[in-house]
Amino acid sequence: MDSETALPVIEHNRRLERLLEISRTLSASLDLEPFLHSLISAAAELTNCELASILELDEGGDQLHFLALPRLHQEPLKTVKVPLQASVAGWVFQNGQPLVVPDVASEPRHFKGVDQVANFVTRSLMAVPIIYRGETLGVLEVINKAGQPHYTEEDLTILETLASQAALAIQNSRLMSKVQHSRDQITQLDRMKSDFIAIASHELRTPLGLILGHATFLREVSQPDLRPQLDIVVQSAMRLKEIIDDIAKMDNVQRGTASLRARSISIKRLVEEVLVSFQLEAKEKGLTLRTDTGQGDLQVEGDSSKITIALSNVVKNAVTFTNPGGHIFIVAGSIPGYVKISVIDDGIGIPSKDLPHIFERFYQVESHLTRKHGGMGLGLSVSKMMVEMHGGRIWAESVEVRGSSFTILLPINSAQAGAASQVPTT
Ligand code: ADP
């Protein structure tokens, strides 16, 4: 190869190497503004032009504005609009095709407004569309090629390569702002929901307290023939109170306003207390309710009111979903570092398709409309939150028609709390 043909090849290889090098550094940059800034510098350098810029569509949709400019021109040009109808960039944007203008003086589409504001003289330019999946996002242009204003095929390829990188970056940034916008909306909705729950539960509690108080009083003093009706009023008001309490508890935990008042508690005693609170209901329904808490004391560091709520919700479900004549067994024991409480019933069981969802908020196996049992589908999600606040776990196993088994695993102290996920669930 003689030196005349070797020169362009060396030059070609050097530009490709430089393009590769620039592409590598570009892909490391995450923020759109510095990214596009580096990209226009690279475009000017690799095409041997005075400067480069990127334009994108304005909100109104009939003009373009600059998205990236060399620092020198940033101030004067940041508010300048380029018309879609009477400019080279506008033509490229609308047609999705590149355009090379070796001499702007003989190009009627050239828009002179930019030069006037920037105090600059454009002599030649080359512009390519920035396209992402068929959608034109903007235009990348290089201005005033040094020496002969002769833009080569290679210049065009380089500019198109850089434009495709710009397309990815612009699209990513748009997606990121959409995600951020959705996040902000979710946060706002969540705040509104929490405010609504806080206000509603507060406003409902006061009149409900009055209904309960007066109905209980009337039940005491009324004629025996009115008692059954008043019993229903009291029971329904109690049920409403439980629902409001459940919603408020869950919201407190979610907002992080619930705090643990941890002290040393005896799970043996706690289980006995829960048993006693359901004994009457179980007896009336013809259920056998038993416990086995072994020999030891089963101490854990925790908040007894929250563990009581967690266990009570599980036992309450066992009582609700076990048919008369059935059995409920609460077993508690210790494994190294943990106390395990299982509530086992031989009730109606849970279909396997529903089992993975029962700890979700408002999830109920029966449809709301055909439901025989009360409840809001909140009990187990509250239990889960209370247990997880202790660094523990809760899970369920069930076979339809045969029965269910719910297990609560509580760390004996906060040092154990992080490792509960490693304890096997069988
Ligand atoms: P709810 O307060 O409506 O009972 P939960 O969150 O406590 O809601 O329970 C969710 C659903 O899981 C219940 O509606 C019920 O269908 C099912 N479930 C919970 N415990 C049992 C159980 N021991 N036996 C059968 N189904 C159960």
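The values are calculated or read from the model by the stated rules, or taken from the named source; none is laboratory data. This is a predicted model, so every value here is computed, not measured. All Cβ positions, glycine included, derive from the backbone under ideal geometry; neighbour counts span all protein chains shown. Quick note on the areas: whole protein, heavy atoms, side chains included, nothing else; ligands and nucleic acids left out. Shrake-Rupley method; radii C 1.70, N 1.55, O 1.52, S 1.80 Å.
Roughly speaking, what is the stretch gain from Leu72 to Thr157, that is 0.36 nm per residue apart minus the C-alpha to C-alpha distance, in nm to one decimal?
27.9 nm
For the chain, the membrane-span-like helix rule (DSSP H, alpha carbon extent of at least 30 Å along the helix axis, mean Kyte-Doolittle at least 0.0) picks out no helix; this says nothing about an actual membrane.
For the chain, dividing the convex hull volume of the Cα atoms by the residue count gives 262 Å³ per residue. With the simple spin-label model, which puts each label point 7 Å out from Cα in the Cβ direction, the Val401 to His357 separation comes to 2.3 nm. By the helix-only formula, in which each DSSP H run with n ≥ 4 contributes -39500 (n - 2.57) and the sum is divided by residues, the chain has a 222 nm mean residue ellipticity of -17000 deg cm²/dmol.
Quick one: ranking Lys285, Lys78 by accessible area, 1.4 Å probe, largest first, what do you get?
Final ranking, largest accessible area leading: Lys78, Lys285.
Hey, what D do you get for the range 327-369 in µm²/s if you plug the Kirkwood alpha-carbon radius into Stokes-Einstein at 37 °C and 0.692 mPa s? After rounding, the answer is 254 µm²/s. All C-alpha pair distances within the range 209-268, sorted into 10 Å bins from zero, spread as 20, 29, 23, 21, 8 percent across the bins. Between Asp58 and Asp115, the simple label model (points 7 Å from Cα in the Cβ direction) yields a spacing of 2.2 nm.
Per residue, the Cα convex hull of the range 263-422 amounts to 107 Å³. Summing +1 for each Lys or Arg and -1 for each Asp or Glu among the other residues whose beta-carbon sits under 15 angstrom from that of Leu39 gives -4. Taking the range 276-303 and a reference point 7 angstrom along Cα→Cβ of Ser264, the backbone N atoms nearer than 13 Å belong to 297-302. Per q in 0.24 1/Å, what log10 I(q)/I(0) does a Debye calculation on the alpha-carbon atoms of the range 247-347 return? Here the Debye-derived log intensity ratios amount to -1.21. Extents of the range 118-170, taken as max minus min of Cα coordinates on every principal axis and listed largest first, are 35, 28, 15 Å.
For the range 157-218 and the range 231-285, write down the distance between their C-alpha centroids in whole Å. Answer, in whole Å: 29. A Förster radius of 22 Å, combined with the Cβ-Cβ distance separating His12 from Ser38, puts the computed FRET efficiency at roughly 0.45. Note that the range 54-158 presents 51 Å² accessible area per residue, ligands and nucleic acids not counted, probe 1.4 Å.
For a straight C-alpha distance cut-off of 30 angstrom, the lysines reachable from Lys384 (same-chain residues fewer than eight places away being disregarded) are Lys193, Lys241, Lys249, Lys268, Lys283, Lys285, Lys306, Lys316, Lys340, Lys353, Lys372. Evaluated on the range 3-181, the Kirkwood hydrodynamic radius is 16.7 Å, with distances taken between all distinct Cα atoms.
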